[in-house]
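Participant: Sending over a structure as structure tokens; questions will come in a sec.
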Amino acid sequence: MDSQTWQNWARCADARPTRYATPSTVTELSTEIGRAAAEGLQVKCVGAGHSFTPIAATDGVMISLDNLQGIESVVPTTEPSGALVTVFAGTRLHALNPALWDLGLAMANLGDIDAQSIAGAISTGTHGTGARFGGIAHQVRALQLVLADGTVVDCSDEENPELFHAARIGLGAIGVIAKVTLQCVDAFLMRAVEAPGLLSETLAGLDEHVAGTDHFEFYWFPHTDRVLTKHNTRLPADRAVDPVHPVRAFVEDELLSNVLFDGINRVATAIPSAIPSINGFTARALSRREYVNRSFEVFASPRRVRFREMEYAVPAEAVSDTLREIDRWLNKSDVTVAFPVEVRFAAADDVWMSTANGRDTAYIAVHQYHRRDHREYFDAVEAIARGVDGRPHWGKLHSRTADDLRPSYRHFDAFVSVRDKYDPARLFDNAYLRQVLG
Ligand SMILES: Cc1cc2nc3c(=O)[nH]c(=O)nc-3n(C[C@H](O)[C@H](O)[C@H](O)COP(=O)(O)OP(=O)(O)OC[C@H]3O[C@@H](n4cnc5c(N)ncnc54)[C@H](O)[C@@H]3O)c2cc1C
């Protein structure tokens, strides 16, 4: 954000807010919302701007909770063993994770980066992988919200439950989250085993990989039959860590995954026809590695190459056919893609607007370098995913609208009624919400 213009991380959404506010207490946040309403301005809260959609954009008042960060309280729990941790909504995951570790605690599951704010992450349904685990919103036990009329309200399964069900993945449409109470678990390590493999073999043994590993995912290199699999297994925190050697980590995670990968994408942008050979070469160059580290350091890695992303949640049993269909489409189209397709898994959950609501889920994420046109590729994958009732990630690119999303979500109308009740004048509205909620 400069003094006038806000842009998201991927540089595909921007806004020129009338005012930018950075409250440092819940009272100041409430005052700011009341003031905007009195002036007839709309309000959006922004986290780290890591959504690819313009879900956080506004020409009204843009509120950042960067001054409302940190852990407020920790209440130990026995079932599960861990603690209820209340954090201010602007807290960034990269600050929260080490702070939890120092308390002997951890988030049960995380996505693949840690730049997001906790409120931004839960508001769009941010998830990681693991067939027995839900996304970040699934770990939320209570919220404190500032509503459109400026009132401060607590909600949970027991207190204002309908508000809680809607606001856990609230798309920024229900109210501004001031505090989040998370069910954290005891700190744990993870053993990561990363290995090259074949897509055909990985799909043939998929049930075993997914059910037999705490957190399984794989990256498929388009135009090839090659994948990189990642099996992450949870270990007690008192085991010795055995991280990747710092030199190897620098070469593989920084040079190869970021610096060289950016170079490859620049070449690929100039000579797209070279991409299938480059992908084959890159995938063959990968080697097996195994390491043990603190859970949050295994879940997240740095992403410095800028890209555009679309991600579809499909019923878990449809993932293989969907990937084969994407492969068939790529084989007959002129589109070339240097970015691997990321495939992850999650347990069915009960969060109203969760992409995993009511069904065991596989996530298929497609990416395109930010200097290349992503539209033909994403449109084709979207059409394929829609054929199996795929649900788009709320924070990643897609072209769906309220009318065609409604049948995919059992609680869509309940969500809209909660929004009508608590934000009748649409203080928190923007163009993206008009597209997806009507
Ligand atoms: C490189 C990269 C990697 C990613 N990896 C993953 C991944 O592994 N898994 C995954 O699921 N997603 C992933 N994402 C998507 C990302 O997690 C989501 O888009 C997330 O919402 C971004 O969080 P943020 O803090 O940047 O929120 P923003 O993008 O700033 O905001 C998102 C939404 O949250 C709302 N919001 C923010 N703060 C509040 C608040 N206090 N109260 C109410 N509403 C609020 C905003 O208004 C907006 O509607 C990735 C994105 C990028 C760029």
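No lab work stands behind these numbers, since they all come straight from the coordinates. These numbers come from a predicted model, not from an experiment. A quick note on method: Cβ atoms are made from the backbone with ideal geometry, for glycine too, and the neighbour counts reach across all protein chains shown.
Participant: Return one number: the angle in degrees, 0 to 90 and rounded to the nearest 10, between the long axis of the Cα atoms of helix 375-386 and the longest principal axis of the Cα atoms of the chain.
Facilitator: 80 degrees
Participant: Subtract the Cα-Cα distance of ASP360 and ALA425 from 0.36 nm times their separation in residues, and report this length gain in nm to one decimal.
Facilitator: So the extension gain works out to 19.8 nm.
Participant: Classify the range 340-438 as rounded, prolate or oblate, taking a ≥ b ≥ c as the square roots of the eigenvalues of its Cα gyration tensor: rounded when a/c is under 1.5, otherwise prolate if a/b is larger than b/c and oblate if not.
Facilitator: The shape class here is oblate.
Participant: Using Cα-Cα distances under 8 Å and only pairs 6 or more residues apart, what relative contact order does the chain have, in percent? Please report the intermediate quantities before stating the final value.
Facilitator: Values: 957 pairs, mean separation 77.1, N = 438.
Computed value for the chain: 18 percent relative contact order.
Participant: Relative contact order of the range 79-219: what whole-number percent is it, with Cα pairs under 8 angstrom and at least 6 residues apart?
Facilitator: Details: 227 pairs, mean separation 44.0, N = 141.
The value is 31 percent.
Participant: Using a 10 angstrom Cβ neighbour count of at most 14 plus a DSSP loop assignment to flag exposed GluC sites (Glu not before Pro), which longest range of the chain is free of such sites? Don't skip to the answer; put the middle values down first.
Facilitator: On the way: sites that count: GLU158, GLU159.
It runs 160-438.
Participant: So, one more: Could you tell me the center-to-center distance, by alpha carbons, between the range 333-402 and the range 279-320 in angstrom?
Facilitator: Cα centres, the range 333-402 to the range 279-320: 15 Å.
Participant: Only counting other Cβ atoms within 10 Å, I'd like SER333, SER156, SER64, SER51 sorted with the fewest neighbours first.
Facilitator: SER333, SER156, SER64, SER51
Participant: In units of 2.2 N^0.38 Å, what is the alpha-carbon radius of gyration of the chain?
Facilitator: Details: Rg = 21.2 Å, N = 438, 2.2 N^0.38 = 22.2 Å.
In units of the globular-protein estimate, the chain measures up at 0.96.
Participant: How large is the helix-only mean residue ellipticity at 222 nm for the chain, computed as the sum of -39500 (n - 2.57) over DSSP H runs with n ≥ 4, divided by its residue count, in deg cm²/dmol to the nearest 500? Write down the numbers at each step before the final one.
Facilitator: Working: 15 runs with 128 residues, N = 438.
My calculation for the chain gives -8000 deg cm²/dmol from helical runs alone.
Participant: While we're here: Which of the peptides 270-276, 124-130 is most tightly packed, and how do the rest follow, going by the mean number of other Cβ atoms within 10 Å of each residue?
Facilitator: Working: 270-276: 14.1, 124-130: 26.3.
For the peptides 270-276, 124-130, the packing ranking is 124-130, 270-276.
Participant: Okay, next question. If you take every residue apart from ALA204 with its C-beta less than 13 Å away from the C-beta of ALA204, what net charge results, scoring Lys and Arg +1 and Asp and Glu -1?
Facilitator: -3
Participant: Add +1 for every Lys or Arg and -1 for every Asp or Glu among the other residues with Cβ under 14 Å from the Cβ of ASN357, and state the total. Could the numbers behind the result be given before it?
Facilitator: Values: positive: ARG168, ARG359, ARG391, ARG406, ARG410; negative: ASP349, ASP350, ASP360, ASP389, ASP413.
My count for the surroundings of ASN357 gives 0.
Participant: With angles folded into 0 to 90 degrees, how steeply does helix 26-39 sit against the dominant principal axis of the chain? Use alpha carbons for both and round to 10.
Facilitator: 80 degrees
Participant: For the range 112-161 and the range 1-67, compute the distance between their C-alpha centroids and round to whole Å.
Facilitator: One Cα centre to the other: 19 Å.
Participant: Could you pull the Cα extents of the range 188-392 along its three principal axes, largest to smallest, in whole Å?
Facilitator: Taking max minus min along each principal axis of the Cα atoms, the range 188-392 gives 51, 42, 30 Å.
Participant: Another question about this same structure. By how many degrees, 0 to 90 and rounded to 10, does the Cα axis of helix 261-270 deviate from the longest principal axis of the chain?
Facilitator: 80 degrees
Participant: What's the local net charge at LEU103, with K and R +1, D and E -1, over the other residues with C-beta under 14 Å away? Present the calculation step by step, with values, prior to reporting the outcome.
Facilitator: Values: positive: ARG294; negative: GLU72, ASP102, ASP186.
Here the count lands on -2.
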